[in-house]
Amino acid sequence: METGNLSIHSENILPIIKKWLYSDMDIFARELVSNGADAITKLKKLTDMGDANIPADENYSIKVWVDKENKQLIFEDNGIGMTADEIREYINQIAFSGANAFVEKYNEKTDVANDIIGHFGLGFYSAFMVSDKVRIDSLSYKEGATAARWECEGGIEYSMSDSDRSTRGTTITLFVSESGEEFLEVYKLRAILTKYCGFVPIPIYIDEVKAAEESDIVDEKPDGEEGAEAPEAPKPINETSPLWLKPASECTDEEYKAFYHKVFTDFNEPLFWIHLNMDYPFRLKGILYFPKMKHDLEYIEGQVKLFNNQVFVADNIKEVIPEYLLLLKGVMDCPDLPLNVSRSFLQNDSTVKKMSGYISRKVADKLNGLFKKDREAYNGYWDDIAPFIKYGCIKERELYDKIKNSVLYKTTDNKHQTLEEFTTENVVAPAPPVEGEAAPPAKKTVYYVTNEQLQSQYIQMFKEQGLAAVLLTTNLDTPFVNYLETYEPDVKFTRIDSDITEALKDDTTTEDQPEGLESRFREILANDKLKVSVEQLKSADISSVMLLSEQSRRMQEMSKMFGGGAMMPEMFAEELTLVLNRNHSLVKTLIEIAPNPNRKDDITLIAHHLFDLAMLSHKPLPTEQMTNFIKRSNQILEMAAGKKD
């Protein structure tokens, strides 16, 4: 058996880092600022432990300079600094993590690991993504330390010498390459730093190095002159204490809303929010906002920003955030996330899964709490939050089990009710089984509407009998209904135009079906599959309705969902039933004249018209059929007015 050490050709390392380590070139700014923040955090920890003698009122900061004329970017901090030996140890050993070394050395004395950002030892090398040459000037906090300089042009060779730096901390100078010149624009670099480092706990300042002749010009008035004003102090580009770090009990509604507007540039008010705060078994803080909806689900674009120790990592990382919550807006700070070296992706491990489960439980608790404590407000939120909840119930059975008693259904009488409330108030018996077939198991039937305009006459019939249906009008509702029937086996959802419930029929009279009427309609309409039924409906205002069985409709929808696939189209042809209302004058006339062979033209006219009237409440008529309907309507009006025989 042969053993040995892997051989790494160092001359190949930096080109690999430069091209492949990070997904976006602008990451270099985040990494260098993060290193500066770590350097200051380390010094603060040493000061707290008494191992460093730094004044309590020390002003820590990270400064970024853009020298466009000399094509340089300069990142400067007043943190712990490095000696020449530490530079050799931390910088010359690629992937050696100074953060890890510091944590291992001092973790017993303080909880330093909670505040250190970098742990991989590769962040510094991102500087070579935009630079031909990188220079480090550093002076350690240690007494008697000598400032050191390190320079490298992206290969395996480097040089070290004394530096003229006279203050504690580190300056990293990037000699920007041609491919990185876009970052010499102050506005662009400011936008990058605001995106990635907008909440870093150390103040960050950015400015442009002016040409010498410009910097000598001072535009101010002499001391004592009336109107003289002191120059404004520079302002940091970041907010060092973001709202998510504060306890929820100390945050006001105004602060939550202001933070939402600032981070997401959304001028609409959020509906409500959830403040996340967990320390064990992992650390997680954040705020999730339920935004006010503008469109249907397919147009929703959420944005949950993921941070690691206040440094932005990425948007909408599905491994941490339950998929249905990616529709929300919010921020989450997770210092314990197992990030890979580029801090842009996550490894799937038990911690990540626990985080996802925790977030889902917090959302369920918030919704249930709102439902119980402020039902009126919850009802008002429902139309906007329904897509989130329905999608979540489809994706996670566990979520549905937690919040099923808080899931609402908007009804045709403008109420918001739970499934139990609705089925208790609207006891609707389905149509009896077909003769000769076994009766299905007893279930609570929930009638629903998918298009209030098309199905208006069915809704009206329900209203006349004091009944309502639920509104399921979005693309998401079809799969939602299917899942609900799986979760609730004693409930059956049926579209309002699928059958005529017994509650809509007048059972005071029992008359036989007119003989030959069905075959007559099939002949006139040239439709040998059409079913025709004559019923005595309680409403005398409706002449005819069209029914499509729920099973037939769902099979058609499934076929469309899969693009037809290998299924034969004829398997899912519409099984339509034309129901004629014996209680309507036009149907009465038809039944009366049907046996008369001399009224064939009138029978044909009425049959076509009753069919089209029923179809109008089922779906829009094709162009030619609609044209004929209008022409026929005018003809009937003329006959009624006595202008035509």
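Quick check on R88: is it modelled with pLDDT of 95 or more, open to solvent by 40 Å² or more (accessible area, probe 1.4 Å), on the phi < 0 side of the Ramachandran plot and over 37 Å from the mean Cα position of the chain (by Cα)? No, not satisfied. Do we find a residue being modelled with pLDDT under 85, β-branched (V, I, T) and more than 41 Å from the chain's Cα centre (by Cα) anywhere in segment 510-522? The answer is yes, given that some residue of segment 510-522 is modelled with pLDDT under 85, β-branched (V, I, T) and more than 41 Å from the chain's Cα centre (by Cα). Modelled with pLDDT of 90 or more, within 21 Å of Y205 (Cα to Cα) and part of a strand (DSSP E or B), is that true of D132? For D132, the condition - modelled with pLDDT of 90 or more, within 21 Å of Y205 (Cα to Cα) and part of a strand (DSSP E or B) - is not met.
For segment 155-170, residues that are closer than 25 Å to V209 by Cα and surrounded by fewer than 21 Cβ atoms within 10 Å (Cβ to Cβ) total 6.
May I ask you to list pairs of residues, at least six apart or on different chains, whose Cβ atoms are under 9 Å apart, with the first in segment 134-159 being free of Cβ contacts under 8 Å to residues at least 24 places away in the same chain and the second being open to solvent by 30 Å² or more (accessible area, probe 1.4 Å) and among the acidic types (D, E)? So the pair list comes out as A147/D162; A147/D164; R149/D162; R149/D164; E153/D132; S159/E151. Is one or more of the residues making up segment 457-480 modelled with pLDDT under 90 and touching a strand residue (DSSP E or B) at 6+ places or on another chain (Cβ under 6 Å)? Checked segment 457-480: no residue is modelled with pLDDT under 90 and touching a strand residue (DSSP E or B) at 6+ places or on another chain (Cβ under 6 Å). Looking across segment 15-41, not a single residue is more than 35 Å from the chain's Cα centre (by Cα), modelled with pLDDT of 90 or more and of a type outside the set (A, V, I, L, M, F, W, C).
Can you tell me which residue in segment 439-456 is least open to solvent (accessible area, probe 1.4 Å), limited to those that are modelled with pLDDT under 90 and outside any loop (DSSP other than H, G, I, E, B)? My answer is T445.
Look at K63 and say whether it is assigned to a helix (DSSP H, G or I) and out of contact with any Cys (no Cβ under 7 Å at 6 or more places or on another chain). No: the conditions fail for K63.
Summed over segment 32-60, residues that are in contact (Cβ under 8 Å) with a residue 60 or more places away in the chain and in a helix (DSSP H, G or I) total 16.
Against the list (1) open to solvent by 80 Å² or more (accessible area, probe 1.4 Å); (2) part of a helix (DSSP H, G or I), the condition P620 fails is (2). Every condition in (1) modelled with pLDDT under 85; (2) touching a helix residue (DSSP H, G or I) at 6+ places or on another chain (Cβ under 7 Å); (3) among the aromatic types (F, W, Y) holds for F562 except the one numbered (2).
If you go through segment 591-617 and keep only what is in a helix (DSSP H, G or I) and touching a Pro at 6+ places or on another chain (Cβ under 9 Å), you end up with just I591. For V352, are the conditions met, namely being in a helix (DSSP H, G or I), modelled with pLDDT under 80, open to solvent by less than 20 Å² (accessible area, probe 1.4 Å) and on the phi < 0 side of the Ramachandran plot? Yes, satisfied.
The set of residues from segment 457-483 being part of a helix (DSSP H, G or I), in contact with a helix residue (DSSP H, G or I) (Cβ under 8 Å, 6 or more places away or on another chain) and not acidic (D, E) comprises M461, F462, T478, P479, F480, N482, Y483.
Only residues that are assigned to a helix (DSSP H, G or I), open to solvent by 30 Å² or more (accessible area, probe 1.4 Å) and among the acidic types (D, E) were counted across segment 361-387, and they come to 3.
The values are calculated or read from the model by the stated rules, or taken from the named source; none is laboratory data. The structure displayed is predicted, hence computed values, not measured ones. Methodologically, a virtual Cβ is constructed for each residue, glycine included, from the backbone with ideal geometry; neighbour enumeration extends over all protein chains shown. Surface areas here come from the heavy atoms of the whole protein model, side chains and all, with no ligands, DNA or RNA. Shrake-Rupley method; radii C 1.70, N 1.55, O 1.52, S 1.80 Å.
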